[in-house]
Amino acid sequence: MRKPSRLVSVVAIMSVCLMSLVWGAPPASAQRRPEMQILSDAETDHIIRKMARPIFQAAGIDPDSVQILLINDPTVNAFVAGGQNIFIHTGLLLDVDNADQLLGVIAHETGHIAGGHLVRGAEAMDNAFLASLLGMGLGIAGGLASRNAGAGAAGVMLGQHLAERNYLSFSRTQEASADQAGLSFLEQSGISAKGMETFLEKLGVNDPLMNDRDAGYRLTHPLTRERIDAVRAFVARSRYSNTKLPSATEDDLRRVQAKLYGYLDPRGALVRYKANDPSPAARYGRAYAYFRQGDVKQATPLVDGLIADEPKNPYLYEMKGDLMLQTGRAPDAVAPYRKAVEMAGSEAGTIRVSLAHALLEQHDPRLADEALKNLQIAAKGKAQSAFLWRLTAQAWSMKKNDGMVAYATAEEALARGDMPMAKAQAERAEKLLPAGSPGWLRAQDIRGQTGGAGDDKPSR
């Protein structure tokens, strides 16, 4: 079993209705291709979440309840969908000039969440969107290093039904309201609002000939003179307009951008990040680019050098593990993954999936228990995915527990949206597992979710 791309996610054909708030254009890709790829990376999520935490707290929102998801799409865009879920396009993340601009976008989207704009339009939305999306395994193990972009059960696609949905165009009043709320959250957090101002200017609000990637923003969320003037007026009177974010925050953003460049455009990244540039971001970009090109000889010393400089960074050990695993050296991947799990603590869910994969790749039944322990911990958090459940089934198979294999296979099928398979495997698990056991009870839940709860078996 080969691991899916480390910056990938879950195959999911979504047949639910999407209601969203768009920061930029409705993605042109949604008009040109039937899929939108959700990318997942533990370090990227950690960095953006850490940056945005003060904004969520200022809005009275539990930071841990907000999902931040990355869409592989070159358009400059961000939106909120299905509740407290902020989707950011790679195009936007790579386009921002600094962390202030990214936080300006996040503050605006948080303004929509706090303002209840989605709730007011709930008649137009299938509220199953979030549950279905997460059930499909959105939180798959992340990381950017894998060369295996061929996905398999974990290769995420939001399908044609999602891509064909029109993005909701909110009123100018709601857009202005989200701006003002976002500005207030920035002020309460002691963060300069100049980022919001300059990013709006980057969208070309004063240029009558906006380019293709930005034109949709004007159509769906018109950047009125009043809006931009209001943001400028706020910046002019804010106490924090000249406040700079810590240099470490800017460095983190540069690192995330370098990883994305290395993943999305390896050849371009090697041109962008010169070999004579010793900065961590440049070395990140080159390391991921070489890895994506399969040049392990060039990637390995870069990774080792980064670890030597930052021995307490769990994501560098994760990258080392990726390098070993994806080049057929699963036993050598275990130690760096274990180190990454130890250091990342409660945020190690996706890394635990990687560790379990490295253990199971050795086909040694003695390692099945450690793999299961890590998978079970990951399954309790945001790392659930079809791939996680496939690994779980593999581990139970090594332990020769057919009932739990059936249960884990049912979970995998449910995550992939294969309801007939999920129902069949759940029914098989019920027959094989002890009545009342956790797996048996969950199998009943799955059968109920797939429309099989109407028989004579007791329900949970």
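The values are calculated or read from the model by the stated rules, or taken from the named source; none is laboratory data. In this text the structure is predicted, and so the values were computed from the model without any measurement. Reconstructed Cβ throughout: ideal geometry from the backbone, glycine too, with neighbour counts over all protein chains shown. Remember, those area values only see protein heavy atoms, side chains included, never the ligands or the DNA or RNA. Shrake-Rupley method; radii C 1.70, N 1.55, O 1.52, S 1.80 Å.
For region 216-323, a Kirkwood radius taken over Cα pairs fed into Stokes-Einstein (25 °C, viscosity 0.890 mPa s) yields D = 150 µm²/s. Across region 267-280, rounded Karplus estimates of 3J(HN,Hα) from the backbone phi angles (6.51 cos²θ - 1.76 cosθ + 1.60, θ = phi - 60°) give 5, x, 5, 5, 6, 5, 9, 5, 5, 8, 8, x, 5, x Hz, Gly and Pro being marked x. A Förster radius of 60 Å, combined with the Cβ-Cβ distance separating residue 402 from residue 233, puts the computed FRET efficiency at roughly 0.35. In vacuum, with every alpha carbon of region 344-446 counted as one equal point scatterer, what does the Debye formula give for log10 I(q)/I(0) at q = 0.14, 0.18, 0.19 Å⁻¹? Two decimals, please. Here the Debye-derived log intensity ratios amount to -0.49, -0.80, -0.89. Tell me, rounded to the nearest percent, the portion of alpha carbon pairs in region 264-303 spaced more than 16 Å apart. For region 264-303, the share of Cα pairs beyond 16 Å comes to 19 percent. Using heavy atoms of the protein chains and a probe of 1.4 Å, the accessible area assigned to residue 397 is about 70 Å². Between the amide H of residue 70 and those of 39, 88, distances stay under 5 Å, these residues lying 5 or more places away or on another chain, with hydrogens modeled in the peptide plane. Dividing the convex hull volume of the alpha-carbon atoms in region 255-399 by its residue count gives 104 Å³ per residue.
Straight-line reach from residue 244: taking Cα to Cα under 27 Å and skipping same-chain neighbours fewer than 8 places apart, the lysines in range are 50, 194, 202, 259, 312.
Label region 369-422 by shape, choosing from rounded, prolate and oblate, from the square roots a ≥ b ≥ c of the eigenvalues of the Cα gyration tensor; if a/c is under 1.5 it is rounded, and otherwise prolate applies when a/b is larger than b/c, oblate when it is not. It comes out oblate by the Cα gyration axes. Considering only Cα atoms, the convex hull volume of region 273-338 works out to 73 Å³ per residue. Expressed per residue, the C-alpha convex hull volume of region 47-89 stands at 76 Å³. Taking 0.36 nm per residue of separation and subtracting the current Cα-Cα distance, fully stretching the chain between residue 241 and residue 64 would add 60.9 nm.
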